[in-house]
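Enquirer: The structure that follows is given in the form of structure tokens.
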Ligand code: ADP
Ligand code: MG
């Protein structure tokens, strides 16, 4: 087991940011810690990385205790903090070299830096100032610093926040690549991110874990909620669409375009086609979206905040 956390509670002043949170992560797993702002994600990650002591509870990383063996834990954890604080005036290679000194990499230093620069796609940027890099490349530097001492566990706090869509895809695929060899716990408030990168999702809300399951199983909870978007060649009556077997709700999206929600697990696309054929109209386009984790997430995290 790479990470074991038991009954972690963190109280800031009067506020309980984490309430007896327990978590186990196996070696090699890529787990998403998912929750809205203020859920307690960063707090949990800082505690596991030994940057913040919990008020109570215990945790180990690769068997090393966060209280008793902080140095051993830090050797095994690569941590990318939220907002990725970097020295903007330093050059990329210079910064990594400086960190290599802190990690006492010794003789391995140069080859390790070269490997990491290569792995994170920073070859062309290595002699640039960090401050001159785009957000996506700064994030690569953040990942490089987290990976430098070859930790077995990576803790990445919102690694893709603030990235544009292209950068986001690049960083996600880089994390996926890294995840083949490391245990990763990453936080995000974006459902698709967990689906795209993680094997498992731990959903946290108001300091408590509200779901912990494989992304596949969580998606299944809402299986049977297929949404079909369809454009017919001609005007169709909503009541007629509703008569198609397995149709739950029908919504017009303007013109001849409709959103149809299926009620069961059956794929109703064929029935819709047959309906069109029967009415002598054509289907101009059809797409199917599965209502996925997003829904589970929303239903699990909409509890009233004022209860607290
Ligand atoms: P998340 O990362 O999920 O957005 P955080 O762990 O940052 O959540 O915060 C959890 C809760 O704890 C929030 O309500 C936040 O305001 C509070 N909190 C976080 N850090 C501190 C702090 N240093 N002092 C007081 N309250 C804090
Ligand atoms: Mg946070």
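Enquirer: How high is the FRET efficiency from residue 233 to residue 173, r the C-beta distance, R0 41 Å, rounded to 0.05?
Expert: 0.55
Enquirer: Run the numbers for residue 302 and residue 22: contour at 0.36 nm per residue of separation, minus the present Cα-Cα distance, in nm.
Expert: Gain in length upon complete extension: 98.7 nm.
Enquirer: How tilted is helix 135-147 with respect to the longest principal axis of the chain? Cα atoms for both, answer in degrees (0 to 90, nearest 10).
Expert: 50
Enquirer: Could you give the length gained by full extension between residue 83 and residue 98, i.e. 0.36 nm per residue of separation minus their alpha carbon distance, to one decimal place?
Expert: 3.4 nm
Enquirer: What length, rounded to one decimal in nm, is gained on full extension from residue 15 through to residue 1, with 0.36 nm per residue of separation minus their alpha-carbon distance?
Expert: Gain on extension, residue 15 to residue 1, equals 2.0 nm.
Enquirer: Next up: Between 0 and 90 degrees, rounded to the nearest ten: what's the tilt of helix 269-278 against the longest Cα principal axis of the chain?
Expert: 30
Enquirer: Take each of the peptides 53-59, 157-163, average the number of other beta-carbon atoms within 10 Å over its residues, and list them starting from the highest.
Expert: Per-residue mean Cβ counts within 10 Å order the peptides as 157-163, 53-59.
Enquirer: With the Cα gyration tensor of segment 43-87 giving a ≥ b ≥ c as the square roots of its eigenvalues, does the rule (a/c under 1.5 for rounded; else a/b larger than b/c for prolate; else oblate) give rounded, prolate or oblate?
Expert: The shape class here is oblate.
Enquirer: Let me ask you something else. Angle between the Cα long axis of helix 92-102 and the longest principal axis of the chain, 0 to 90 degrees, nearest 10?
Expert: Value to nearest ten degrees: 60.
Enquirer: Another question, then. Quick one: of the DSSP bridges fully inside the chain, what percent are antiparallel, nearest 5?
Expert: Rounded to the nearest five, the antiparallel share is 70 percent.
Enquirer: How many angstrom separate the Cα center of segment 225-250 from the Cα center of segment 42-109?
Expert: 54
Enquirer: Between residue 212 and residue 282, what is the label-to-label distance in nm when each label sits 7 Å out along the Cα-to-Cβ direction?
Expert: The two pseudo-label positions are separated by 5.5 nm.
Enquirer: Then there's this: Please report the relative contact order for the chain, taking Cα pairs under 8 Å with a sequence separation of at least 6, and give it as a percent rounded to a whole number.
Expert: In percent, rounded to a whole number, it is 19.
Enquirer: Would you mind getting me the FRET efficiency between residue 107 and residue 71? Use the beta-carbon distance for r and R0 = 30 Å, nearest 0.05.
Expert: In this case the efficiency is close to 0.90.
Any read-out appearing in this document is the output of simple, stated calculations on the displayed coordinates, not a laboratory observation. The structure displayed is predicted, hence computed values, not measured ones. FYI the Cβ positions are ideal-geometry reconstructions off the backbone, even for glycines, and counts take in every protein chain you see.
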